[in-house]
1. Could you tell me which of the residues B:18, B:38, B:4 is within 8 Å of chain A (Cβ to nearest Cβ) and modelled with pLDDT under 85?
2. Could you check how many residues of region A:137-191 are under 30 Å from residue A:72 (Cα atoms) and outside any helix (DSSP H, G or I)?
3. Considering only region B:58-80, how many residues are closer than 19 Å to residue B:18 by Cβ and within 11 Å of chain A (Cβ to nearest Cβ)?
4. Could you list, in sequence order, all residues of region A:112-140 that are without any contact (Cβ under 8 Å) to a residue 24 or more places away in the chain and within 14 Å of another protein chain (Cβ to nearest Cβ)?
5. Does residue A:48 qualify as being under 33 Å from the mean Cα position of the chain (by Cα) and at pLDDT below 80?
């Protein structure tokens with residue numbers, strides 16, 4: 001089969017009554033191939049149009065500027081010289097001191113965003129045109145600084161939580177210590193060397209977490225055990241009370257609490273088990289809640 | 001030939017790693033020198049055209065990178081880097 005121009009094709013043309021081509025049928029693989037080609041051509045056209053648009057906008061930058069920035073000169077200085085401005089002129093226009101501008105141009109100081117906007121406006125460029133060339137060494141150094149700063153901040157946070165005047169929150173200390181371990185381990189893994197001082201910090205953070213876990217476990221066991229023993233004492237008291245009315249029992253409770261938390265009983269063995277003062281003596285931190293005249297409610301850490 | 005860069009090309013260049021960046025700039029300079037020594041634009045015909053009839057050419061500067069260049073008024077214009085439109089190389093080869 002051949003088309004109108006005589007080329008071999010598998011396409012069938014269906015014509016209308018006037019003899020004009022109305023439909024074309026073709027094998028499905030050829031149809032797919034046609035679609036693919038159309039997509040490629042369409043993408044190419046779009047890209048070329050975008051490039052043409054870019055050139056037409058004539059936002060072209062001379063190589064004198066680009067090559068100097070690429071070579072490491074600060075864009076603010078390069079653009080200032082390209083515009084023929086003296087440092088004092090740019091500083092005045094941008095509302096900063098000549099010394100401040102010199103520090104920016106020599107990368108000794110990062111300017112604030114507002115300052116960079118004013119400089120960019122004065123130089124007639126966009127703010128992102130003033131971004132210096134990326135240097136891997138500088139990036140690595142910056143990354144290292146940030147990581148070390150994070151680690152130092154975690155250490156300071158933990159120290160403040162443990163030794164500060166605010167209440168002690170064991171969960172927060174544990175979480176911060178976990179962050180510290182993670183960040184310090186990441187720092188060491190990134191650099192692959194030995195960092196004895198950092199390993200020492202990681203070890204201390206691990207011990208802190210272990211100590212918290214161990215103490216919390218002991219506290220929970222103490223609370224659970226004490227609760228159980230108090231329950232026994234209270235039940236004994238009720239048993240001895242016989243059919244005491246409820247309102248009489250309620251009146252007796254504060255008296256028991258003010259008596260060192262002891263249940264009013266002749267049973268010395270039961271008294272010893274119920275005495276929270278014994279727990280206080282062990283840890284030095286656990287206290288029975290309830291000052292004078294206050295009903296005991298539970299346990300807390302001071 | 002003089003050299004000029006589009007903003008996008010400059011930013012793409014600055015975002016490259018330092019060795020790649022140096023290779024790209026060297027390639028641009030060589031291209032401009034070759035263009036200045038030959039008949040205007042003649043050397044560009046040897047570079048990969050983006051599409052039939054396109055005035056834009058791809059100039060390789062590394063195993064993975066190409067410059068998209070064109071000429072305008074005796075200036076070599078670096079329009080983009082192929083990081084931006086890398087897939088076009090593949091498309092034009094088909």
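1. Numbers: B:38 fails: within 8 Å of chain A (Cβ to nearest Cβ); B:4 fails: modelled with pLDDT under 85.
After applying the criteria, what remains is B:18.
2. Total meeting the criteria: 0.
3. Matching residues across region B:58-80 total 1.
4. A:120, A:126, A:127, A:128, A:134, A:136, A:137, A:138, A:139, A:140
5. Working: under 33 Å from the mean Cα position of the chain (by Cα): no; at pLDDT below 80: yes.
Taking the combined requirement at face value, the residue does not satisfy it.
The values are calculated or read from the model by the stated rules, or taken from the named source; none is laboratory data. Keep in mind the model is a prediction, meaning the values are calculated, not measured. Quick reminder, even Gly has a Cβ in these numbers, built from the backbone with ideal geometry, and neighbours come from all protein chains shown.
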